[in-house]
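Have a look at the structure below before the remarks.
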Amino acid sequence: MKFRMVLLLILAAALLMPATPGAAQEPVELRITWYDDGNESVVLRDLLDRFEAENPDIRIVIDVVPYTAILENLPLQLEAGEGPDIARVTDLGGLARYYLDMRPYLSDPDYWEENLGPYLTWLRLPGDTEGIYGLQNQLTVTGMYINRTLFEQAGVDVPSDTQEQVSWETWGEACKAVADALGPDVFGFAMDRSGHRFAGPAISMGAQYFDENGHPMVTDEGYRAMAELFVRWHQDGTALVDVWAATPGYVGANEDFANGRLACYMSGSWQVQQFTSTIGDAFDWEVVPFPCGPAGCTGLPGGAAVVAIKDTEHPEEVVRVMEYLAQEDVLREFHARTLFIPAHAGVATSGVPFETDLDLARAALEQWSSMVPQIMPLAVRLQGYPYNRIVFDASRDRLAQVIVGELTLDEAIQRTQEDIDQRLAELEG
């Protein structure tokens, strides 16, 4: 009886004692909203498993969502204060007001400035010259792929084999010639349903995208010239109409290209990893030099950044994860396994041992890398404009209306400008 009483007293005392500083704590859970072009989430999970093993006080959940959810749902979540702790985004400046400035928490801000300086500006609001908000872990370039096998089957010469610079008009004629020769199951050309994809060709045709006061503009002759050419291709059978006549929003033509339906495909460098698995060596696919217009030859830079979200309840832990992902050895492995072009200066200088045995993929990556220095300054400026998504989306939606016959080109250009002006006014108001 006495023993039982003593035991009860000991148990009661234990329950009343405060937790000791060394007692085990539940790990902090962080959530990352992520989309995939290929195998990125698999590589990220592998890297973060190692981080968690070394940092047992943090647990990371990766929520993989469709790319359309990044464009459409994530902004609504962030506005409502219900977003994740970290997110992978492509509307770099457009979502900047939701980012956490990591600089006060970083152990070495100079490392970020030295290795990622040009891309840190893409994540800042106008007037901000100091904030460090995320990691550009994917540098992309827009440009054109071709299915060389289809060209050979059609007996059509690839223009870039003999010409150093090939105009958009010449490419359009060549792509259509392939489709005409091979029948109704092959189309000459497709471009992702995206104002971002359209912008590079438009700049090459002379589009300025900004007036003398720096306000977005799409009413000049260069923009009209590319729009006229693009619409004509959809009217004369050069282009696959289904992509731009699809439901509203972004639509990719990557599956059509991978299925051997397209001679020419305007997209970007991020497709290499996917094509490595979806096409492999089923046919000869390759990247051609930037098509040209009167103003030059260019694609648009871009990519995805992993950003810290300011509404997180755990900023210190978020920054620890971001610093890990920004380590040079970690980034090099990420790029090697995902087949992405690096933005990190140290990784780019030392090189990336891309993990592919496919010669077609390696040649494509080398071609993309060689084209980065050729990007026109205006294209870099447009990509760095914080509200470029407004310009891209208005351009996409109004051009689509011309293609399906709902608007004339004159009406579409006028309404595109009105859409841009109205949306910017709303933001400023």
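The values are calculated or read from the model by the stated rules, or taken from the named source; none is laboratory data. The model shown is predicted, which means the values in this text are computed figures rather than measured ones. Cβ: placed from backbone, ideal geometry, glycine included. Neighbour counts: every protein chain shown.
Exactly one residue out of Ala364, Ala400, Ala326, Ala345 is touching a helix residue (DSSP H, G or I) at 6+ places or on another chain (Cβ under 8 Å) and surrounded by fewer than 20 Cβ atoms within 10 Å (Cβ to Cβ): that is Ala345. Tell me whether the stretch 281-290 contains one or more residues that are in contact with a strand residue (DSSP E or B) (Cβ under 7 Å, 6 or more places away or on another chain), among the small types (Gly, Ala, Ser) and at pLDDT 95 or above. The answer is no, given that none of the residues of the stretch 281-290 is in contact with a strand residue (DSSP E or B) (Cβ under 7 Å, 6 or more places away or on another chain), among the small types (Gly, Ala, Ser) and at pLDDT 95 or above. Among residues that are in contact with a helix residue (DSSP H, G or I) (Cβ under 7 Å, 6 or more places away or on another chain) and more than 30 Å from Glu328 (Cβ to Cβ), Leu382 is not included.
Applying the criterion of being at pLDDT below 95 and among the small types (Gly, Ala, Ser) to the residues of the stretch 104-161, the residue that is surrounded by the fewest Cβ atoms within 10 Å (Cβ to Cβ) is Gly127. Checking the stated criteria, Arg389 turns out not to satisfy the condition of being in a helix (DSSP H, G or I), surrounded by fewer than 15 Cβ atoms within 10 Å (Cβ to Cβ) and touching a residue at least 60 places away in the same chain (Cβ under 8 Å).
Out of everything in the stretch 52-83 that is closer than 15 Å to Val319 by Cα and in contact with a Leu (Cβ under 8 Å, 6 or more places away or on another chain), what residue ends up being surrounded by the most Cβ atoms within 10 Å (Cβ to Cβ)? This residue is Ile60. Filtered by the rule that a residue be surrounded by 15 or more Cβ atoms within 10 Å (Cβ to Cβ) and assigned to a loop (DSSP other than H, G, I, E, B), the stretch 162-178 gives a lone residue, Val166.
Kindly evaluate Glu411 against the criterion of being part of a helix (DSSP H, G or I), surrounded by fewer than 17 Cβ atoms within 10 Å (Cβ to Cβ) and modelled with pLDDT of 95 or more. Taking the combined requirement at face value, the residue satisfies it.
When the stretch 142-169 is limited to residues that are touching a strand residue (DSSP E or B) at 6+ places or on another chain (Cβ under 6 Å) and among the aliphatic types (A, V, I, L, M), the one that is farthest from Ala363 (Cα to Cα) turns out to be Leu150.
For the stretch 237-246, does any single residue satisfy the condition of being under 21 Å from Thr408 (Cα atoms), outside any loop (DSSP other than H, G, I, E, B) and free of Cβ contacts under 8 Å to residues at least 40 places away in the same chain? Within the stretch 237-246 (the criterion being under 21 Å from Thr408 (Cα atoms), outside any loop (DSSP other than H, G, I, E, B) and free of Cβ contacts under 8 Å to residues at least 40 places away in the same chain), the answer is yes, since at least one residue qualifies. Each residue in the stretch 412-429 was checked for being within 16 Å of Leu229 (Cα to Cα) and without any contact (Cβ under 8 Å) to a residue 12 or more places away in the chain, and 0 pass.
The requirement of being without any contact (Cβ under 8 Å) to a residue 40 or more places away in the chain and either touching an Asp or Glu at 6+ places or on another chain (Cβ under 9 Å) or among the acidic types (Asp, Glu) (or both) is not satisfied by Glu72. Selection of the stretch 72-102 for residues being in a helix (DSSP H, G or I), within 23 Å of Glu130 (Cα to Cα) and among the aliphatic types (A, V, I, L, M) yields Leu78, Ala96.
Taken over the stretch 61-90, residues that are of a type in the set (A, V, I, L, M, F, W, C) and farther than 11 Å from Arg31 by Cα amount to 9. Does any residue of the stretch 125-145 turn out to be among the aromatic types (Phe, Trp, Tyr), touching a residue at least 40 places away in the same chain (Cβ under 8 Å) and assigned by TED's automatic domain parsing to the domain that holds Val178? Looking for residues that are among the aromatic types (Phe, Trp, Tyr), touching a residue at least 40 places away in the same chain (Cβ under 8 Å) and assigned by TED's automatic domain parsing to the domain that holds Val178, one finds at least one in the stretch 125-145, hence yes. With respect to (1) without any contact (Cβ under 8 Å) to a residue 40 or more places away in the chain; (2) in a loop (DSSP other than H, G, I, E, B), the lone exception for Ala181 is condition (2).
Here the stretch 179-228 is the region considered, the condition is being of a type in the set (S, T, N, Q) and surrounded by fewer than 17 Cβ atoms within 10 Å (Cβ to Cβ), and the residue that is farthest from Val158 (Cα to Cα) is Asn213. Taken as a whole, the condition of being assigned to a helix (DSSP H, G or I), in contact with a strand residue (DSSP E or B) (Cβ under 8 Å, 6 or more places away or on another chain) and within 20 Å of Pro301 (Cβ to Cβ) applies to Val380. The residues of the stretch 118-162 that are farther than 28 Å from Gly195 by Cβ and among the charged types (D, E, K, R), listed by number, are Glu130, Arg148, Glu152, Asp157, Asp161.
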